Amino acid sequence: MAKKYAIVKELDEAVNLKDGTTVLQFETRLQGGLECGGAYLKYLSPQDAGWKPKEFDNESPYSIMFGPDKCGATNKVHFILKHKNPKSGEYIEHHLKYPPSVPSDKLTHVYTAILKPDNEVSILIDGDEKKKASFLSAEDFEPPLIPSKTIPDPDDKKPEDWDERAKIPDPDAVKPENWDEDAPMEIEDEEAVKPEGWLDDEPDEIDDPEATKPEDWDDEEDGEWEAPKIENPKCEIAPGCGEWKRPMKRNPAYKGKWSPPLIDNPSYRGIWKPQEIPNPSYFELEKPDFDPIAAIGIEIWTMQDGILFDNILIAKNDKVAESYRETTWKPKFEVEKEKQKAEDEAADSARLAGFQRKVFDVLYKVADTPFLSKYKHQILDLIEHAETQPNLTIGVLVSIVVIILTIFFKLIFGGKKQV
């Protein structure tokens, strides 16, 4: 069942993102995996932007949204920046293009976003850089932070006489006199000859001569009984049965419906586009105008429970974030990884033990076969020995196969005497 969760923590002091480096980092563990839902954080703007902690929801204004999100075709570590257009005053969401994917296991992972003073942002997962982008590049954010200088004129309309057809039917073309639009596509092949041995009077199917009327058949209730049909055996050895008809062939006179050929359109003016005008929302930007971070919020919709967050960090030095990864995340991750490995090996062993149990059950049944009665004691000894040492299962299977093959060859060749 889908559920929505929201919690917010106000900071003692707002963090200014405009000066120097800022590092956003947190750990999350998806204990039940992540099939459909989010595990991201929202770095909220100051409350004067119009929100209250007790009313925190998905409409609360944020500066940055960062973290894993996965559902259906969506599988990415979001990085979304809300930026105010100084001309229009509108806040616009700018999404990082081609973000990294979410790790697919159930271990704790640490997500890091480093905002640098040179307008670059780096996205790290477990300390490894997965994405680097520039805030001012139209190739890295959609839509770009800096709008285009011009936009299509919304008031410009295509003239009624604008002709976008590159080719037109030739108005001077005339259908040839010998063009027959009614000629069929196929005609009978007059040169075809009926194959020798064709059985004109034989049907393709005949009544099944071996079929008999059921004893409980009631003509009044079930109707008149008819034998089922079978393929006529005479037709299997003959070229064919029934009425012979000439095969069809393509009509060389067929031309279909006539249409005039296409010629270049003398009135062609190309594909119409509205003219470009200066963009009233265009502005120049040397650095992003980030809103400060005044609180951290978890506001997610998810189909899974068991999403854990830990060690949420905002720092002005990436070395601090690196230290946290080494001292708090990495030891935890290594323990979880070893535990997961042991659990996977135990599960594999359980599956193997179940398979071996089934093998031994089959081998006991094989030992009870009268065909192998002379060797039953020998086979049982092999099975019991293998049960005490399961790694010998394959060897026991091979031994029993050898015994069976030995008996088989003795039965075939052992009782024969040479002449």
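The values are calculated or read from the model by the stated rules, or taken from the named source; none is laboratory data. Please read all numbers here as calculations on a predicted model, not as lab measurements. As a convention, Cβ positions derive from the backbone with ideal geometry for all residues, glycine included, and neighbour counts pool all protein chains shown. Just the protein is used for accessible areas: all its heavy atoms, side chains included, with ligands, DNA and RNA removed. Shrake-Rupley method; radii C 1.70, N 1.55, O 1.52, S 1.80 Å.
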Check: At a probe size of 1.4 Å, how large is the accessible area of C235, to the nearest 10 Å²?
Finding: 30
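What ranking do 341-347, 56-62 get when scored by the average of other Cβ atoms within 10 Å per residue, highest first?
Details: 341-347: 10.0, 56-62: 16.0.
The packing order, highest mean first, is 56-62, 341-347.
Please give the net charge around S101, taking every other residue with its beta carbon less than 11 angstrom from that of S101, where Lys and Arg add +1 and Asp and Glu add -1.
Residues close to S101 contribute a combined charge of +3.
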Check: Just by accessible area at a 1.4 angstrom probe, what is the order of E35, E90 from largest to smallest?
Finding: E35, E90
Margin query: Please give the charge dipole size of segment 16-89, origin at the Cα centre, charges +1 on K and R Cβ atoms and -1 on D and E Cβ atoms. Round to the nearest 20 debye.
Written below: 200
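If R0 is 22 Å, what FRET efficiency do you get for L380 and F355 from their C-beta distance, rounded to 0.05?
On the way: r = 21 Å, r/R0 = 0.94.
That pair, L380 with F355, gives E of 0.60.
Given R₀ = 25 Å, FRET efficiency for I230-D200 by Cβ-Cβ distance, to 0.05?
On the way: r = 20 Å, r/R0 = 0.81.
About 0.80, to the nearest 0.05.
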Notebook entry, point to check: Can you give the net charge of the other residues whose Cβ lies under 15 Å from the Cβ of P266, counting K and R as +1 and D and E as -1?
Noted result: -3
Checklist line | Net length gained if the chain between D310 and E326 were fully extended (0.36 nm per residue, minus Cα distance) | finding: 4.3 nm
Notebook entry, point to check: Would you list T406, T327 from the most to the least accessible area, probe 1.4 Å?
Noted result: T327, T406
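If the viscosity is 0.890 mPa s and the temperature 25 °C, what Stokes-Einstein diffusion coefficient in µm²/s follows for the chain when Rh is the Kirkwood radius over Cα pairs?
On the way: Rh = 32.4 Å.
The estimated diffusion coefficient comes to 76 µm²/s.
Quickly rank 328-334, 149-155 as a protection proxy: mean count of other C-beta atoms within 10 Å, highest first.
Numbers: 328-334: 15.1, 149-155: 11.1.
The densest-packed peptide leads the list: 328-334, 149-155.
With a sphere of radius 13 Å drawn around the Cβ of P159, what net charge do the other residues whose Cβ falls strictly inside it have (Lys, Arg +1; Asp, Glu -1)? Let's see the in-between values first.
Working: positive: K157, K158, R269, K273; negative: D156, E160, D161, D163, E164.
For residues surrounding P159, the net value is -1.
Can you work out the accessible area per residue across segment 17-74, with the rest of the protein chains kept in place, probe 1.4 Å, in square angstrom? All intermediate terms of the calculation are to be shown ahead of the outcome.
Details: 2300 Å² over 58 residues.
Spelled out: the 1.4 Å probe surface of segment 17-74, per residue, equals 40 Å².
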Checklist line | Amide H within-cut-off set for L11, under 5 Å, with H built and near neighbours excluded | finding: A295, I296
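If you roll a 1.4 Å probe over the heavy atoms of the protein chains, what accessible area per residue do you get for segment 281-333, in Å²?
Working: 2820 Å² over 53 residues.
That works out to 53 Å² for each residue.
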Note to self: With unit charges on the beta carbons (Lys and Arg positive, Asp and Glu negative) and the dipole taken about the Cα centre of the chain, which residue among I314, P86, P46 sits farthest to the positive side?
What the structure shows: I314
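So which of K3/K84; K229/K249; K106/K358; K3/K341; K82/K330; K3/K54 end up more than 23 Å apart, counting from Cα to Cα? Could you put the intermediate results ahead of the total?
Numbers: K3/K84 31 Å; K229/K249 33 Å; K106/K358 32 Å; K3/K341 31 Å; K82/K330 32 Å; K3/K54 19 Å.
Checking Cα-Cα distances, K3/K84; K229/K249; K106/K358; K3/K341; K82/K330 exceed 23 Å.
For an R0 of 25 angstrom, estimate the FRET efficiency from the Cβ-Cβ distance between I151 and Y5 and round to the nearest 0.05.
Numbers: r = 40 Å, r/R0 = 1.60.
Plugging the Cβ-Cβ distance into 1/(1 + (r/R0)^6) gives 0.05.
Given charges of +1 on the Cβ of Lys and Arg and -1 on the Cβ of Asp and Glu, with all other atoms neutral, how large is the dipole of the chain about its Cα centre, in debye to the nearest 20? Each step should come with its number before you reach the end.
On the way: 55 positive and 85 negative charges, 743 e Å.
My answer is approximately 3580 debye.
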Margin query: A 30 angstrom limit on the alpha carbon distance is what I want to check against. Which of K116/K339; K4/K52; K4/K332 exceed it?
Written below: K116/K339
Margin query: Need the C-alpha centroid separation for segment 1-43 versus segment 77-95, integer Å.
Written below: 18
Checklist line | Theoretical gain in end-to-end length, S137 to E186 [0.36 nm per residue, Cα-Cα removed] | finding: 11.4 nm
